[in-house]
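Everything on this sheet refers to the single structure shown next.
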Amino acid sequence: MHVPEWLPVERQRELVEACREWARGPVPLRHTVLPGGGVMSVRSLCLGWHWQPYRYTRTAGDVNGARVAPFPDLLGDLGRAAVAEAYGDERAAEAYAPDTALVNFYDGGARMGMHQDKEELSGAPVVSLSIGDTCVFRFGNTEGRGRPYTDVELASGDLFVFGGPSRHAFHGVPAVYTGTADPASGMRGGRLNLTLRETGLTGR
């Protein structure tokens, strides 16, 4: 479900400032190294749980060994509001309990290959927020990386939520349009993508 211009520019700016603070650590932005030795072009940071291919941990053993910062209440509230907006279902929104955020920063050359979000035990929706440069978001099927898929332009402030039968759909970002960000969002360049998820995991 795509909801254009969902985030007011003031809230975008608040989130950009928060991301800058989170990027200072305890676990900083990093390029994730994949098991085969490849390096992701986006830079990422995690809150609540640390994602590394292809599992969640509380500490960032692939970065500096530190425990990731807690998942902030402001993102939990934002996630519930997003689910309510996307589905029009207040009960589903109240039940939504995201406990991890993956924040990806795309510069002009960064891309994201087609992949599934399937490390979570919970089937709750994924909430995706875009700030900064517009991107092409490719939303596919649950069977493979190829067609059929739909290309959607996600601009600053746009919301995209996927759950239910599409929860494990392949998706990716094949292009970012450099220089399209509104400076009022707080982004001087590049794209921030915040994805909120409910892991279904327990433990400290």
Flagged in region 140-198 as more than 22 Å from Gly76 (Cα to Cα) and among the β-branched types (Val, Ile, Thr), in numbering order, are Thr142, Thr150, Val152, Val173, Val176, Thr178, Thr180
Looking only at region 30-55, which residues are surrounded by 14 or more Cβ atoms within 10 Å (Cβ to Cβ) and under 25 Å from Leu74 (Cα atoms)?
Arg30, Val42, Arg43, Ser44, Leu45, Cys46, Leu47, Gly48, Trp49, His50, Trp51, Gln52
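Quick grid of which residues meet (1) of a type in the set (Ser, Thr, Tyr); (2) without any contact (Cβ under 8 Å) to a residue 24 or more places away in the chain; (3) out of contact with any Asp or Glu (no Cβ under 7 Å at 6 or more places or on another chain):
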{"position": "Asp99", "(1), (2), (3)": "no, no, no"}
{"position": "Gly108", "(1), (2), (3)": "no, no, yes"}
{"position": "Glu120", "(1), (2), (3)": "no, no, no"}
{"position": "Gly123", "(1), (2), (3)": "no, no, yes"}
{"position": "Asp151", "(1), (2), (3)": "no, yes, yes"}
{"position": "Ala155", "(1), (2), (3)": "no, no, yes"}
Scan (1) buried (at least 21 other Cβ atoms within 10 Å of the Cβ); (2) closer than 23 Å to His31 by Cα for the single condition Phe105 breaks and write down its number.
(1)
Which one of these does Ala93 not meet: (1) free of Cβ contacts under 8 Å to residues at least 60 places away in the same chain; (2) outside any strand (DSSP E or B); (3) within 16 Å of the chain's Cα centre (by Cα)?
(3)
Scan region 122-159 residue by residue and report those that are in contact with a Leu (Cβ under 6 Å, 6 or more places away or on another chain) and in a loop (DSSP other than H, G, I, E, B).
Gly157
Given the condition in contact with a helix residue (DSSP H, G or I) (Cβ under 8 Å, 6 or more places away or on another chain), within 23 Å of Arg11 (Cα to Cα) and at pLDDT below 95, answer yes or no: does some residue in region 171-187 qualify?
yes
Can Val42 be described as at pLDDT 95 or above and closer than 16 Å to Ser128 by Cβ?
yes
Hits in region 108-135 (condition: surrounded by fewer than 17 Cβ atoms within 10 Å (Cβ to Cβ), at pLDDT 95 or above and closer than 12 Å to Val173 by Cα):
Arg111, Gly113, His115
Result of the Cβ filter at 6 Å on region 160-174, keeping first residues that are of a type in the set (S, T, N, Q) and partners that are assigned to a loop (DSSP other than H, G, I, E, B) and at pLDDT 95 or above, at least 6 apart or interchain, is none
Give all pairs with beta carbons closer than 8 Å in which a residue from region 181-201 that is surrounded by fewer than 16 Cβ atoms within 10 Å (Cβ to Cβ) meets a residue that is assigned to a strand (DSSP E or B); count only pairs at least 6 apart in sequence or on separate chains.
Gly189/Gly132
Just need a number here: residues in region 15-29 that are part of a loop (DSSP other than H, G, I, E, B) and either among the aliphatic types (A, V, I, L, M) or surrounded by 14 or more Cβ atoms within 10 Å (Cβ to Cβ) (or both).
6
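The values are calculated or read from the model by the stated rules, or taken from the named source; none is laboratory data. It should be emphasised that the depicted structure is a prediction, and the values quoted were computed from it without experimental measurement. All Cβ positions, glycine included, derive from the backbone under ideal geometry; neighbour counts span all protein chains shown.
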